Amino acid sequence: MTEIHSAWLPPEAFRAIGSRRVLVAGEGPLVETVREEVGRACAGFGGSLADGADLVLATWESLPDGARKVLDGAEPGGDEEFLIGRRGGVTVVAGGPAGVLYGLFHVVRMGERAFGADFAAEPHRPAMRRRMLDHWDNVDVHPVMGQVERGYAGGSIFWEEGGPRGDLERVRAYGRLLAAVGVNAVAVNNVNVHATEARLLTDRLGDVADLAGVLRPYGIKVHLSVTFAAPVVLGGLDTADPLDEDVRAWWAEATHRVYEAIPDFGGYLVKADSEGQPGPFAYGRTHADGANLLAGVLAPYGGVVHWRAFVYDHRQDWRDRSTDRARAACDHFAPLDGQFAENAILQVKHGPMDFQVREPVSPVIAAMPRTRLAVELQVTQEYTGQQRHVCYLAPMWREVLGFEPWGPGGRSVAGVAEELVAVSNVGADPYWTGHPLAQANLYAFGRLAWDPGLDPGEILDEWIGLTFPDVAERVREPLRTIMDGSWETYERYTAPLGVGFMVRPGHHYGPDVDGYEYTPWGTYHFADRDGVGVDRTRATGTGYTGQYPEPWSEVYESLERCPDELLLFFHHVPYGHVLKSGKTVIQHIYDTHFAGAEEVAALRPVWDGLAGLVDPALHARVGELLDEQLRSAREWRDQINTYFFRKSGVPDAHGRRIH
Ligand code: GCV
């Protein structure tokens, strides 16, 4: 067992509730969880769980008449919705069972404000129907990827060396943290499904049921990544053809057994025909055929299949300039719009490539109006510093969710997507996330999935207030300084102007400008002595810009109109090309890389100033990581600047040291 860090739910965060007289009314496991939480808080802070003179937390059916009046006769909404209001010294929260749970944590976030001046009843409901974390956790330790693929926080909280980790207390604590930010679904194994993991669907199902049992009281459903080849590798059939009757019967039987073991099982998650995973292409079938097979067997039980759109050729020839990985998802899936079953959800990475620090929004999001979509984010920091660098990602996610694919005033990504999914950054590390400050990313993901309109700075403030309740006012400004702009700082010292992928192949940490340039992965920058960038225009390039509706198809096509930060994603330009900022591309590269590394150097003294305010072990951990971040940022600065200086021969206008 590892020590469990309280993250954003330290006992102190419950003081306002725990020092009051609280009534919890209603039945069922979720309301029981609320009762337990309030009971524990009251035991700690002198309140009582009984009469509700200060706070009522109740399901609609159990709401006492007096309390109902406080809510001004508002009508009940869905299971996850709640209303909160305050009148005459009583705060009332009422909703469906999940709504009461979310309402409790809302009151925790409000703290004393929940018990101050009266306020009229306000409804709260999640913007996204499903708010889900995908764990890329392996049951067996994978020889290359380890226990958790792209995991930077130690082992898995679910699995260890071939079996369940067995620390269900930790899983329960995880569920509690997730419920507090509104997450309601978790996929418990890697989308790359290897031999042992495949068996979670059959003879190892009991291990999944154990996790479901622990997460259920927090309103979290368990989902499972399955291999499309399961009928062959587990069932002994000679085909996994989605249109074959025996294949369908096998999946139907397997799914029936899953629901016998886990009646509220969420569904399957599938990575098919992608990076070596099996899929319907082997049988000449489409991805809609594949997804609909699984949707069909899940439908009787209310389950869903999440089918990933991350499909591209990872064995392409770098000499072939016509193949463009960015195009692949749209090329594969847009023609299938309207063909997916009602309970099939297409899970689309937010950008067309792979979670780079800066990408345009995936064109798939606008291209499939008749398909249910989940947008996938990456909380685990594969390409954003691997939880050794501070990189608060909420500002990036907010931009993605607020992007309007049909132009200003049109629907936003948040309005198109039904669900928000993210790859979790959690592991067996005592701080959950390796870097203690990376907890803020997990927190922000849940909050944005609930309300994509939230301001990232306010989310950060909220997280600071909950995580460091005793010293919040003293640590707030320093933490804002360190975290608020950290995504843009990270962008400055890594790959420039949206070009992406200048990381070391394989592990993806640290710079390697040409690391992927001559590989089959389709991630190129095409730098030569004259210029850099990928021509994705319709006029002279791969035609990718044509996958967007107007106005973006025109904006991105145009060298003049394309936003600076995405210039090299869409265009190949000479080093002397002048950006909207007035700088040349080469000078921009030098300036941002010097600036980014300097910004990182300024963080350590700010953090040092928090010594004595935060837990010493946490203080030491972050200090060490900031040192590594600075070392790495300088390495990035020097490799990128040197590379482009040597290619271009253009000196830095300010004569700074380039090697
Ligand atoms: C789980 C990237 C990562 C892989 C990951 C893949 C995916 O390529 O590097 O580790 O595989 O994305 O999203 O499926």
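The values are calculated or read from the model by the stated rules, or taken from the named source; none is laboratory data. In this text the structure is predicted, and so the values were computed from the model without any measurement. Using ideal geometry, Cβ is built from the backbone for each residue, glycine included, and neighbour counts are taken over all protein chains shown.
Sub-8 Å Cβ pairs linking a first residue in the range 267-294 that is within 15 Å of the ligand (Cβ to nearest atom) to a second residue that is basic (Lys, Arg), at least 6 apart or interchain, are Leu269/Arg308; Val270/Arg308; Lys271/Arg308; Ala272/Arg308; Ser274/Arg308; Gln277/Lys271, ordered by first then second residue.
Within the range 610-627, residues that are under 14 Å from His435 (Cβ atoms) reach partners that are among the charged types (D, E, K, R) and surrounded by 13 or more Cβ atoms within 10 Å (Cβ to Cβ) with beta carbons closer than 6 Å, at six or more positions or on different chains, in the pairs Leu625/Arg388; Leu626/Arg604. Of all residues in the range 210-221, one or more are within 22 Å of the chain's Cα centre (by Cα), more than 16 Å from the ligand (Cβ to nearest atom) and in a loop (DSSP other than H, G, I, E, B).
Please indicate, with yes or no, whether at least one residue in the range 636-658 is assigned to a helix (DSSP H, G or I) and in contact with a Leu (Cβ under 7 Å, 6 or more places away or on another chain). Walk me through how you get there before you give the answer.
So in the range 636-658, the residues assigned to a helix (DSSP H, G or I) come out as 636-648.
Now drop any that are not in contact with a Leu (Cβ under 7 Å, 6 or more places away or on another chain), which leaves none.
No, there is no match, as no residue in the range 636-658 is assigned to a helix (DSSP H, G or I) and in contact with a Leu (Cβ under 7 Å, 6 or more places away or on another chain).
When the range 302-317 is limited to residues that are within 12 Å of the ligand (Cβ to nearest atom) and out of contact with any His (no Cβ under 7 Å at 6 or more places or on another chain), the one that is farthest from Arg130 (Cα to Cα) turns out to be His314. Exactly one residue out of Ala121, Ala117 is surrounded by fewer than 21 Cβ atoms within 10 Å (Cβ to Cβ) and either in contact with a Gly (Cβ under 9 Å, 6 or more places away or on another chain) or of a type outside the set (Gly, Ala, Ser) (or both), and it is Ala121. Evaluation of Arg474 against the conditions (1) more than 30 Å from Gly612 (Cα to Cα); (2) outside any loop (DSSP other than H, G, I, E, B); (3) more than 16 Å from the ligand (Cβ to nearest atom) shows that the sole unmet condition is (1).
If you take the residues in the range 91-109 that are of a type outside the set (Gly, Ala, Ser) and part of a strand (DSSP E or B), which one is nearest to Gly182 (Cα to Cα)?
Step one: filter the range 91-109 for residues of a type outside the set (Gly, Ala, Ser), giving 91-93, 97, 100-102, 104-109.
Next, only the ones that are part of a strand (DSSP E or B) stay: 91-93.
On the way: Thr91: 21, Val92: 19, Val93: 16 Å.
Out of the qualifying residues, it is Val93.
For the range 388-396, check the following and say yes or no: at least one residue is within 26 Å of Val534 (Cβ to Cβ), more than 16 Å from the ligand (Cβ to nearest atom) and among the small types (Gly, Ala, Ser). Checked against the condition, which is being within 26 Å of Val534 (Cβ to Cβ), more than 16 Å from the ligand (Cβ to nearest atom) and among the small types (Gly, Ala, Ser), the range 388-396 yields no hits at all. Considering the range 469-478, the residues that are out of contact with any Asp or Glu (no Cβ under 9 Å at 6 or more places or on another chain) and crowded, with 16+ Cβ neighbours inside 10 Å include one that is farthest from Met110 (Cα to Cα), namely Pro478.
Entry remark, the range 503-543: residues being surrounded by fewer than 18 Cβ atoms within 10 Å (Cβ to Cβ), free of Cβ contacts under 8 Å to residues at least 60 places away in the same chain and of a type in the set (Val, Ile, Thr) number 1 in total. The requirement of being farther than 24 Å from Val471 by Cα and touching an Asp or Glu at 6+ places or on another chain (Cβ under 8 Å) is fulfilled somewhere in the range 595-607, by at least one residue.
Scoring Ile365 on the criteria (1) assigned to a loop (DSSP other than H, G, I, E, B); (2) in contact (Cβ under 8 Å) with a residue 40 or more places away in the chain leaves a single failure, condition (1). Going through (1) assigned to a loop (DSSP other than H, G, I, E, B); (2) buried (at least 19 other Cβ atoms within 10 Å of the Cβ) one by one, Asn192 falls short only on (2).
Sub-6 Å Cβ pairs linking a first residue in the range 373-385 that is of a type in the set (Asp, Glu) to a second residue that is part of a strand (DSSP E or B) and more than 8 Å from the ligand (Cβ to nearest atom), at least 6 apart or interchain, are Glu376/Gln347; Glu376/Val421, ordered by first then second residue. Among residues of the range 1-25 that are under 15 Å from Trp463 (Cα atoms), those with a Cβ under 7 angstrom from a residue that is part of a helix (DSSP H, G or I) and of a type in the set (Val, Ile, Thr), sequence gap 6+ or separate chain, pair up as Ala7/Thr467; Trp8/Thr467; Ala13/Val108; Phe14/Val108.
Please go through the range 429-446 and give me each residue that is surrounded by fewer than 22 Cβ atoms within 10 Å (Cβ to Cβ) and of a type in the set (A, V, I, L, M, F, W, C), ordered by number. Matches in the range 429-446: none.
When the range 148-166 is filtered for residues that are surrounded by fewer than 24 Cβ atoms within 10 Å (Cβ to Cβ) and within 15 Å of the ligand (Cβ to nearest atom), the ones remaining, listed by number, are Glu149, Arg150, Tyr152.
Within the range 149-160, residues that are closer than 16 Å to Val423 by Cβ and free of Cβ contacts under 8 Å to residues at least 12 places away in the same chain have Cβ atoms under 7 Å from residues that are in a loop (DSSP other than H, G, I, E, B) and more than 14 Å from the ligand (Cβ to nearest atom) in no pair, counting only partners at least 6 apart in sequence or on another chain. Looking across the range 401-412 at every residue that is hydrophobic (A, V, I, L, M, F, W, C) and surrounded by fewer than 24 Cβ atoms within 10 Å (Cβ to Cβ), the one that is farthest from the ligand (Cβ to nearest atom) is identified as Trp406. You will find that of Ala299, Ala282, Ala261, the residue that is closer than 21 Å to Asn192 by Cα and at pLDDT 95 or above is Ala282 and no other. Considering (1) assigned to a helix (DSSP H, G or I); (2) under 31 Å from the mean Cα position of the chain (by Cα), the lone condition that Ser6 does not fulfil carries the number (1).
Are any of the residues in the range 55-71 in a helix (DSSP H, G or I), basic (Lys, Arg) and closer than 30 Å to Ala438 by Cα?
Of the residues in the range 55-71, the ones in a helix (DSSP H, G or I) are 60-62, 65-70.
Subsequent filtering for residues that are basic (Lys, Arg) retains 68-69.
Still in the running and closer than 30 Å to Ala438 by Cα: none.
Looking through the range 55-71, none of the residues is in a helix (DSSP H, G or I), basic (Lys, Arg) and closer than 30 Å to Ala438 by Cα.
Taking the conditions (1) touching a residue at least 60 places away in the same chain (Cβ under 8 Å); (2) out of contact with any Asp or Glu (no Cβ under 6 Å at 6 or more places or on another chain); (3) surrounded by fewer than 19 Cβ atoms within 10 Å (Cβ to Cβ) in turn, Leu393 satisfies each one other than (3).
Would you check which residues across the range 32-70 are among the hydrophobic types (A, V, I, L, M, F, W, C) and either surrounded by fewer than 23 Cβ atoms within 10 Å (Cβ to Cβ) or more than 35 Å from the chain's Cα centre (by Cα) (or both) and list them? Spell out how you get there, then give the answer.
Let us first name the residues in the range 32-70 that are among the hydrophobic types (A, V, I, L, M, F, W, C), namely 34, 38, 41-43, 45, 49-50, 53, 55-58, 60, 63, 67, 70.
Hits for the range 32-70 are Cys42, Ala43, Phe45, Leu49, Ala50, Ala53, Trp60, Leu63, Ala67, Val70.
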